[in-house]
1. Could I have the simple spin-label model distance between W29 and S82, label points 7 Å from Cα toward Cβ, reported in nm to one decimal?
2. Per residue, what accessible area does the chain have, given a 1.4 Å probe and all protein chains present, in Å²?
3. Can you pull out the chymotrypsin sites (Phe, Trp or Tyr not before Pro) in the range 1-75 whose DSSP state is coil and whose Cβ has at most 13 other Cβ atoms within 10 Å?
4. Only sites in a loop by DSSP and with at most 12 other Cβ atoms within 10 Å count here; which trypsin sites (Lys or Arg not before Pro) in the range 5-40 make the cut?
5. Given labels modelled 7 Å from the Cα in the Cβ direction, how far is it in nm from D38 to R12?
6. Give the angle, between 0 and 90 degrees and rounded to the nearest 10, that separates the Cα long axis of helix 12-25 from the longest principal axis of the Cα atoms of the chain.
7. Mind grabbing the accessible area of S22 for me, 1.4 Å probe, Å², rounded to tens?
8. Which of rounded, prolate or oblate describes the range 34-101 when judged by the alpha-carbon gyration tensor and an a/c cut-off of 1.5?
Amino acid sequence: MKQPLYLHVMPRVDRDIEQCLSFIGRQPWGRPHDRKLDILRGIEGACADPKANRIEVWKSDTGIGLRRCKAAQFVIVYAYLSSSDPSLPGVVSIRAVRHSRVENVFSGVKEPIAADSAAPVG
């Protein structure tokens, strides 16, 4: 049986999602509820196969590689930390959520992982 992952979400992610949905809500074609579902599905996709996306940015200050996962018109920026112990789960850390039109979705993603804020994912 595959070991479940821990999902860790940085404090900035809620603010990122709200900013994206606020922008969508101001558009005449906007459907914020549907776009929130797109974002949540993107996060689920990152958790389902965290190695599917290559490391694009290496943060030398934390030793963490950042990956991106597309979610409709958004990008989920995350890190995957595998466990060296097969009996312990790896961690998917959602670092940011950006609109795909942002020039550099990795810009400003620098907070370290807080080990005590992880929650198991099925």
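The values are calculated or read from the model by the stated rules, or taken from the named source; none is laboratory data. Given the structure is predicted, the values throughout are model-derived calculations rather than measurements. With ideal geometry, Cβ positions are generated from the backbone for all residues, glycine too; neighbour counts draw on all protein chains shown. We work out accessible area using only protein heavy atoms, side chains counted, and drop any ligands, DNA or RNA first. Shrake-Rupley method; radii C 1.70, N 1.55, O 1.52, S 1.80 Å.
1. 4.1 nm
2. 60 Å²
3. Counting only loop positions with at most 13 other Cβ atoms within 10 Å, the chymotrypsin sites (Phe, Trp or Tyr not before Pro) in the range 1-75 are W29.
4. R26
5. Taking the simple label geometry, D38 and R12 are separated by 2.2 nm.
6. Orientation of helix 12-25: about 20 degrees from the principal axis.
7. Here the accessible area works out near 50 Å².
8. Taking the square roots of the gyration eigenvalues as a ≥ b ≥ c, the range 34-101 is oblate.
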